1. For a quick check: with amide H placed at 1.01 Å from N, whose amide H comes under 5 Å from residue 81's, ignoring anything fewer than 5 positions away on the same chain?
2. Which ³J(HN,Hα) values in Hz, rounded to whole numbers, follow from the phi angles of the range 99-113 under the Karplus curve 6.51 cos²θ - 1.76 cosθ + 1.60, where θ = phi - 60° and Gly and Pro get x?
3. What is the percent carbon and sulfur in the accessible area of the range 25-125, measuring with a 1.4 Å probe over the protein chains and ignoring ligands?
4. Along Cα→Cβ, 7 Å out, is where each label goes; now give me the distance between the ones at residue 89 and residue 40 in nm to one decimal.
5. By the scheme Lys and Arg +1, Asp and Glu -1, what is the net charge of all other residues having a beta-carbon under 9 Å from that of residue 65?
6. If you plug each phi of the range 34-45 into the Karplus form 6.51 cos²θ - 1.76 cosθ + 1.60 with θ = phi - 60°, what whole-Hz ³J(HN,Hα) values come out, in order, with x for Gly and Pro?
7. Could you give log10 I(q)/I(0) at q = 0.17, 0.25 Å⁻¹ for the range 25-125, computed by the Debye formula over C-alpha point scatterers of equal weight, without solvent?
Amino acid sequence: MLKRMKRILAPLVLLCAAAPALAQRFDAEAVCAATDIALAYDCVIRLSAGDAPVEGAVLEVKADMPEMPMAHNVRPVPAEAAEEPGSYRVPLQLEMDGRWTLRLEITDPRRDVVILHQDFPPKEAAEDAGGHTHGQ
Ligand SMILES: [Cu+2]
């Protein structure tokens, strides 16, 4: 019985080892710029896995304020591929200034969620670029 199990499992293990990139989680960073419209921002999100840009991804961005649960209901915005490989443009219409989270819901090439923390209007200091966390 055990022998049989091993025979079934062995090819599976091989498959996983052959595709280490697939096991790697996505990473993202956002650069947002103010527009002429109040509280509207043009964000460019760079998506990567390992150090490689992720091209052709499908993702939506949901903005929310972690410190104001239930206060905002900004609709998710589908990201559009930008010129630079692995870059995606997301126009955001926020409802107030302050600290927002951008929840990246990635559906392709595989499902993942990356949460970015971002101040609006964006601070100029690079030190406050904001960290990011992963979540489901
Ligand atoms: Cu708020």
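The values are calculated or read from the model by the stated rules, or taken from the named source; none is laboratory data. This structure is a prediction, so every number in the text was calculated from the model and none was measured. Here the Cβ positions follow ideal geometry from the backbone for every residue, glycine too, while neighbour counts run over all protein chains shown. When the accessible area is computed, the model is the full protein with side chains, heavy atoms only, and any ligands, DNA or RNA have been set aside. Shrake-Rupley method; radii C 1.70, N 1.55, O 1.52, S 1.80 Å.
1. Residues meeting the amide H criterion: 89.
2. 8, 10, 10, 10, 9, 8, 9, 9, 10, 8, x, 7, 6, 6, 10
3. About 51 percent, which is the carbon plus sulfur part of the accessible surface.
4. 1.3
5. With Lys, Arg at +1 and Asp, Glu at -1, the net is -2.
6. The phi angles translate into 5, 10, 6, 8, 4, 6, 9, 10, 9, 10, 10, 10 Hz.
7. -0.72, -1.42
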